[in-house]
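FYI, it's all coordinate maths here, none of it is from the lab. All values derive from a computational prediction rather than experimental measurement. Using ideal geometry, Cβ is built from the backbone for each residue, glycine included, and neighbour counts are taken over all protein chains shown.
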Amino acid sequence: MKTIYEGKTEKHDLGTSQKCHKCGSEGERYKGKFSCPSCSLKDYNADLNAAINIAERGIKSLGKTEGLGAVP
């Protein structure tokens with residue numbers, strides 16, 4: 001997933017759809033579903049997983065120390 005801001009792609013936003021929002025491990029995305037073999041998250045909405053990861057990064061970029069999930 002790429003985020004474009006003022007005509008630039010932000011590299012730190014890449015990989016949000018492959019990382020588990022719950023544990024931060026790399027998971028599998030297939031036909032709109034996300035599953036994580038590390039924490040046993042199964043058949044989770046893949047877009048929602050990515051959105052939570054993006055929100056987490058946004059919270060951290062604002063200087064907040066606590067967020068929604070596990071993605072650094």
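Put in order of Cβ neighbour count within 10 Å, fewest first, the listed residues Arg57, Arg29 become Arg29, Arg57.
Most tightly packed first, judged by the mean number of other beta-carbon atoms within 10 Å of their residues, the peptides 38-48, 16-26 read 16-26, 38-48.
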